[in-house]
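Scroll down for the structure; my scribbles are underneath it.
The values are calculated or read from the model by the stated rules, or taken from the named source; none is laboratory data. As the structure is a computational prediction, the values presented were derived from the model and not from experiment. Ideal geometry is used to build each Cβ from the backbone, glycine not excepted, and the neighbour counts take in all protein chains shown. Accessible surface is based on the protein model in full, side chains and every heavy atom, while ligands, DNA and RNA are left aside. Shrake-Rupley method; radii C 1.70, N 1.55, O 1.52, S 1.80 Å.
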Amino acid sequence: MKVLTFKTIEEIGAAAGKMFVDVVKANDKAVLGLATGATPVPTYDYMAQACRKGEVSFKNVTTFNLDEYCDLPKEHKNSYYTFMFENLFSKIDVDPANVNFLNGNAPDAQAESDRYAEAIEAAGGIDIQFLGIGRNGHIAFNEPADKFTNNAFKVHLTQSTIEANSIYFDDIPMPHYAMTMGIGSIMRAKKIVLVATGKAKAEAVRTMLSGDIDPHCPASILQAHPDCTVILDEDAASLL
Ligand code: PGA
(Lines give C-alpha, C1' and ligand atoms only; values in the text may rest on other atoms or scores of the structure.)
Protein backbone atom coordinates (compact mmCIF):
# COMPACT_ATOMS: atom_id res chain seq x y z
CA MET A 1 0.00 0.00 0.00
CA LYS A 2 1.21 3.50 -0.73
CA VAL A 3 0.93 5.84 2.27
CA LEU A 4 0.94 9.64 1.88
CA THR A 5 0.81 12.07 4.81
CA PHE A 6 -0.20 15.73 4.57
CA LYS A 7 -0.49 18.58 7.04
CA THR A 8 -3.83 20.10 6.07
CA ILE A 9 -7.29 18.89 5.16
CA GLU A 10 -7.10 20.97 1.96
CA GLU A 11 -3.93 19.16 0.85
CA ILE A 12 -5.60 15.83 1.57
CA GLY A 13 -8.70 16.81 -0.41
CA ALA A 14 -6.52 17.92 -3.31
CA ALA A 15 -4.42 14.73 -3.30
CA ALA A 16 -7.43 12.39 -3.20
CA GLY A 17 -9.56 14.60 -5.46
CA LYS A 18 -6.83 14.74 -8.11
CA MET A 19 -6.73 10.94 -8.21
CA PHE A 20 -10.45 10.90 -9.07
CA VAL A 21 -10.11 13.75 -11.57
CA ASP A 22 -7.17 12.00 -13.28
CA VAL A 23 -9.16 8.77 -13.65
CA VAL A 24 -12.07 10.68 -15.24
CA LYS A 25 -9.75 12.68 -17.50
CA ALA A 26 -8.25 9.41 -18.76
CA ASN A 27 -11.70 7.82 -19.23
CA ASP A 28 -14.74 10.08 -19.25
CA LYS A 29 -16.98 7.00 -18.73
CA ALA A 30 -15.17 5.95 -15.57
CA VAL A 31 -17.03 4.16 -12.78
CA LEU A 32 -16.53 5.86 -9.42
CA GLY A 33 -17.08 4.23 -6.04
CA LEU A 34 -18.08 6.91 -3.56
CA ALA A 35 -18.29 7.21 0.22
CA THR A 36 -20.03 9.40 2.76
CA GLY A 37 -19.11 10.80 6.18
CA ALA A 38 -16.96 13.76 7.20
CA THR A 39 -13.77 12.44 5.57
CA PRO A 40 -14.66 12.71 1.85
CA VAL A 41 -15.98 16.29 1.97
CA PRO A 42 -12.66 18.05 1.10
CA THR A 43 -12.14 15.55 -1.73
CA TYR A 44 -15.60 16.28 -3.11
CA ASP A 45 -14.89 20.02 -2.80
CA TYR A 46 -11.79 19.55 -4.94
CA MET A 47 -13.72 17.53 -7.55
CA ALA A 48 -16.49 20.16 -7.66
CA GLN A 49 -13.96 22.94 -8.10
CA ALA A 50 -12.18 21.06 -10.92
CA CYS A 51 -15.55 20.64 -12.65
CA ARG A 52 -16.46 24.31 -12.15
CA LYS A 53 -13.14 25.38 -13.67
CA GLY A 54 -13.81 23.18 -16.72
CA GLU A 55 -10.83 20.97 -15.97
CA VAL A 56 -12.98 17.83 -15.98
CA SER A 57 -16.53 16.76 -16.79
CA PHE A 58 -18.38 14.05 -14.87
CA LYS A 59 -21.20 14.00 -17.46
CA ASN A 60 -20.54 10.43 -18.55
CA VAL A 61 -19.36 8.83 -15.31
CA THR A 62 -21.32 6.23 -13.37
CA THR A 63 -21.20 6.21 -9.58
CA PHE A 64 -21.89 3.59 -6.93
CA ASN A 65 -22.16 4.53 -3.28
CA LEU A 66 -20.84 2.22 -0.61
CA ASP A 67 -23.77 2.07 1.75
CA GLU A 68 -27.14 3.38 2.89
CA TYR A 69 -29.08 3.27 6.13
CA CYS A 70 -32.07 0.96 6.48
CA ASP A 71 -35.45 2.18 7.74
CA LEU A 72 -34.77 5.77 6.70
CA PRO A 73 -36.65 7.48 3.85
CA LYS A 74 -34.32 8.17 0.91
CA GLU A 75 -35.14 11.89 1.11
CA HIS A 76 -34.40 12.19 4.86
CA LYS A 77 -31.70 14.78 5.59
CA ASN A 78 -29.42 12.08 7.03
CA SER A 79 -29.70 9.58 4.20
CA TYR A 80 -26.53 9.02 2.22
CA TYR A 81 -28.55 9.79 -0.91
CA THR A 82 -29.19 13.30 0.46
CA PHE A 83 -25.56 13.62 1.59
CA MET A 84 -24.23 12.86 -1.89
CA PHE A 85 -26.51 15.36 -3.62
CA GLU A 86 -25.68 18.07 -1.09
CA ASN A 87 -21.93 17.49 -1.03
CA LEU A 88 -21.13 16.45 -4.59
CA PHE A 89 -23.80 15.64 -7.15
CA SER A 90 -25.46 19.07 -7.06
CA LYS A 91 -22.03 20.67 -7.62
CA ILE A 92 -20.86 18.64 -10.62
CA ASP A 93 -22.37 17.81 -14.01
CA VAL A 94 -23.03 14.13 -13.26
CA ASP A 95 -26.19 12.70 -14.85
CA PRO A 96 -28.51 11.75 -11.95
CA ALA A 97 -29.56 8.72 -14.02
CA ASN A 98 -26.03 7.37 -13.63
CA VAL A 99 -25.78 7.51 -9.83
CA ASN A 100 -26.42 4.30 -7.93
CA PHE A 101 -27.26 3.59 -4.30
CA LEU A 102 -28.13 0.52 -2.33
CA ASN A 103 -31.79 0.70 -1.33
CA GLY A 104 -31.82 0.54 2.46
CA ASN A 105 -35.57 -0.03 2.37
CA ALA A 106 -35.55 -2.96 -0.04
CA PRO A 107 -37.86 -5.69 1.27
CA ASP A 108 -35.43 -8.46 0.27
CA ALA A 109 -31.80 -7.71 1.20
CA GLN A 110 -30.43 -10.63 -0.81
CA ALA A 111 -32.27 -9.54 -3.97
CA GLU A 112 -30.99 -5.99 -3.42
CA SER A 113 -27.44 -7.28 -3.01
CA ASP A 114 -27.73 -9.27 -6.24
CA ARG A 115 -29.14 -6.25 -8.07
CA TYR A 116 -26.21 -4.04 -6.97
CA ALA A 117 -23.57 -6.67 -7.85
CA GLU A 118 -25.12 -7.06 -11.32
CA ALA A 119 -25.28 -3.29 -11.84
CA ILE A 120 -21.61 -2.88 -10.90
CA GLU A 121 -20.62 -5.68 -13.24
CA ALA A 122 -22.78 -4.31 -16.07
CA ALA A 123 -21.05 -0.93 -15.67
CA GLY A 124 -17.69 -2.64 -16.17
CA GLY A 125 -16.58 -2.69 -12.51
CA ILE A 126 -15.42 0.16 -10.29
CA ASP A 127 -12.36 2.04 -11.62
CA ILE A 128 -11.61 3.99 -8.45
CA GLN A 129 -13.11 3.51 -5.00
CA PHE A 130 -13.08 6.08 -2.19
CA LEU A 131 -12.95 4.74 1.38
CA GLY A 132 -12.89 6.18 4.86
CA ILE A 133 -12.15 4.01 7.88
CA GLY A 134 -14.12 3.63 11.09
CA ARG A 135 -12.56 3.88 14.54
CA ASN A 136 -13.11 0.13 14.76
CA GLY A 137 -11.39 -0.53 11.41
CA HIS A 138 -14.58 -0.83 9.37
CA ILE A 139 -14.66 0.04 5.68
CA ALA A 140 -18.08 0.99 4.33
CA PHE A 141 -20.24 -0.68 7.00
CA ASN A 142 -18.20 -3.88 7.11
CA GLU A 143 -17.89 -4.09 10.86
CA PRO A 144 -15.28 -6.26 12.65
CA ALA A 145 -16.37 -9.88 12.22
CA ASP A 146 -15.11 -13.45 12.11
CA LYS A 147 -14.93 -13.55 8.33
CA PHE A 148 -14.63 -11.22 5.37
CA THR A 149 -17.81 -10.56 3.38
CA ASN A 150 -18.26 -10.62 -0.39
CA ASN A 151 -21.18 -8.79 -2.02
CA ALA A 152 -23.54 -6.28 -0.40
CA PHE A 153 -25.52 -7.32 2.66
CA LYS A 154 -27.68 -5.97 5.48
CA VAL A 155 -25.61 -5.26 8.58
CA HIS A 156 -26.42 -4.63 12.24
CA LEU A 157 -24.19 -1.65 13.08
CA THR A 158 -21.85 -1.89 16.07
CA GLN A 159 -22.05 0.34 19.12
CA SER A 160 -18.83 2.12 18.03
CA THR A 161 -20.38 3.09 14.69
CA ILE A 162 -23.68 4.10 16.27
CA GLU A 163 -21.83 6.36 18.73
CA ALA A 164 -19.71 7.91 15.96
CA ASN A 165 -22.63 8.62 13.61
CA SER A 166 -25.49 9.40 15.99
CA ILE A 167 -24.19 12.98 16.35
CA TYR A 168 -25.75 13.64 12.95
CA PHE A 169 -29.24 12.52 14.05
CA ASP A 170 -31.09 15.22 15.96
CA ASP A 171 -34.72 14.45 15.02
CA ILE A 172 -34.97 10.65 15.05
CA PRO A 173 -32.81 7.89 16.55
CA MET A 174 -30.04 6.73 14.26
CA PRO A 175 -30.93 3.53 12.36
CA HIS A 176 -29.17 0.43 13.69
CA TYR A 177 -29.14 -1.34 10.33
CA ALA A 178 -27.64 -0.50 6.96
CA MET A 179 -27.10 -2.03 3.53
CA THR A 180 -23.41 -2.02 2.69
CA MET A 181 -21.18 -3.13 -0.13
CA GLY A 182 -19.16 -6.14 1.02
CA ILE A 183 -15.41 -6.53 1.20
CA GLY A 184 -15.36 -8.52 -2.05
CA SER A 185 -17.17 -5.71 -3.91
CA ILE A 186 -14.63 -3.20 -2.57
CA MET A 187 -11.58 -5.34 -3.31
CA ARG A 188 -12.67 -5.80 -6.95
CA ALA A 189 -12.22 -2.03 -7.56
CA LYS A 190 -9.24 -1.44 -9.82
CA LYS A 191 -7.88 1.38 -7.66
CA ILE A 192 -8.64 2.30 -4.04
CA VAL A 193 -8.06 5.58 -2.18
CA LEU A 194 -8.54 5.47 1.60
CA VAL A 195 -8.46 8.74 3.52
CA ALA A 196 -8.23 9.03 7.31
CA THR A 197 -7.91 12.14 9.44
CA GLY A 198 -7.79 12.80 13.16
CA LYS A 199 -6.42 11.10 16.27
CA ALA A 200 -9.56 8.96 16.70
CA LYS A 201 -8.50 7.02 13.57
CA ALA A 202 -4.82 6.51 14.51
CA GLU A 203 -5.22 3.09 16.13
CA ALA A 204 -7.38 1.75 13.28
CA VAL A 205 -4.87 3.09 10.74
CA ARG A 206 -1.99 1.36 12.51
CA THR A 207 -3.85 -1.96 12.68
CA MET A 208 -4.88 -1.66 9.03
CA LEU A 209 -1.32 -1.07 7.85
CA SER A 210 0.79 -3.15 10.20
CA GLY A 211 -1.46 -5.78 11.76
CA ASP A 212 -2.23 -9.18 10.25
CA ILE A 213 -4.92 -9.37 7.58
CA ASP A 214 -7.80 -10.13 9.92
CA PRO A 215 -11.57 -9.62 9.57
CA HIS A 216 -11.59 -8.14 13.07
CA CYS A 217 -9.95 -5.12 11.37
CA PRO A 218 -11.82 -5.23 8.02
CA ALA A 219 -9.58 -2.52 6.50
CA SER A 220 -6.53 -4.80 6.90
CA ILE A 221 -7.69 -6.68 3.76
CA LEU A 222 -6.49 -3.66 1.77
CA GLN A 223 -2.91 -4.89 2.30
CA ALA A 224 -3.81 -7.49 -0.35
CA HIS A 225 -5.04 -4.94 -2.92
CA PRO A 226 -2.62 -4.24 -5.81
CA ASP A 227 -3.35 -0.50 -6.10
CA CYS A 228 -4.36 1.07 -2.80
CA THR A 229 -3.28 4.54 -1.68
CA VAL A 230 -3.78 5.61 1.95
CA ILE A 231 -3.88 9.37 2.53
CA LEU A 232 -3.49 10.58 6.13
CA ASP A 233 -3.09 13.68 8.21
CA GLU A 234 -0.41 13.75 10.90
CA ASP A 235 -2.88 12.82 13.65
CA ALA A 236 -4.15 9.72 11.84
CA ALA A 237 -0.50 8.78 11.08
CA SER A 238 0.66 9.44 14.66
CA LEU A 239 0.94 5.76 15.70
CA LEU A 240 2.82 4.58 12.61
P1 PGA B 1 -16.12 9.59 8.90
O2 PGA B 1 -16.55 8.08 8.73
O3 PGA B 1 -15.56 10.01 7.59
O4 PGA B 1 -17.39 10.33 9.23
O5 PGA B 1 -15.11 9.63 10.00
C6 PGA B 1 -15.66 7.19 8.13
C7 PGA B 1 -16.18 5.78 8.28
O8 PGA B 1 -16.83 5.48 9.30
O9 PGA B 1 -15.93 4.98 7.39
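Scanning the stretch 219-240 for residues that are in contact (Cβ under 8 Å) with a residue 60 or more places away in the chain and either open to solvent by 10 Å² or more (accessible area, probe 1.4 Å) or hydroxyl-bearing (S, T, Y) (or both) gives S220, I221, Q223, H225, T229, D233, E234, A237, L240.
Would you be able to say whether some residue in the stretch 32-44 is farther than 26 Å from A117 by Cβ, within 16 Å of the ligand (Cβ to nearest atom), in contact with a helix residue (DSSP H, G or I) (Cβ under 8 Å, 6 or more places away or on another chain) and not β-branched (V, I, T)? Looking for residues that are farther than 26 Å from A117 by Cβ, within 16 Å of the ligand (Cβ to nearest atom), in contact with a helix residue (DSSP H, G or I) (Cβ under 8 Å, 6 or more places away or on another chain) and not β-branched (V, I, T), one finds at least one in the stretch 32-44, hence yes. The condition of being over 23 Å from I12 (Cα atoms) and within 12 Å of the ligand (Cβ to nearest atom) does not hold for T197.
The set of residues in the stretch 133-165 that are small (G, A, S) and at pLDDT below 95 comprises S160, A164. Could you tell me whether any residue of the stretch 170-183 is among the small types (G, A, S) and open to solvent by less than 20 Å² (accessible area, probe 1.4 Å)? For the stretch 170-183, residues among the small types (G, A, S) and open to solvent by less than 20 Å² (accessible area, probe 1.4 Å): present. Inside the stretch 115-171, can you point out the residues that are aliphatic (A, V, I, L, M) and more than 15 Å from L66 (Cα to Cα)? Answer for the stretch 115-171, where residues must be aliphatic (A, V, I, L, M) and more than 15 Å from L66 (Cα to Cα): A122, A123, A145, I162, A164, I167. Taken as a whole, the structure places S185 among residues that are more than 24 Å from F6 (Cα to Cα), assigned to a helix (DSSP H, G or I) and either of a type outside the set (D, E, K, R) or modelled with pLDDT of 95 or more (or both).
Taking the stretch 200-240, which residues are more than 15 Å from the ligand (Cβ to nearest atom), assigned to a loop (DSSP other than H, G, I, E, B) and of a type outside the set (S, T, N, Q)? Across the stretch 200-240, the qualifying residues are G211, D212, I213, P215, H216, H225, P226, D227, E234, A237, L239, L240. Selection over the stretch 123-175 of residues that are closer than 16 Å to Y80 by Cα, near the ligand (Cβ under 10 Å from one of its atoms) and among the hydroxyl-bearing types (S, T, Y) gives a count of 2.
This table checks each residue for (1) of a type in the set (A, V, I, L, M); (2) in contact with a Gly (Cβ under 8 Å, 6 or more places away or on another chain).
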| site | (1), (2) |
| --- | --- |
| F130 | no, yes |
| I133 | yes, no |
| N142 | no, yes |
| H216 | no, yes |
| P226 | no, no |
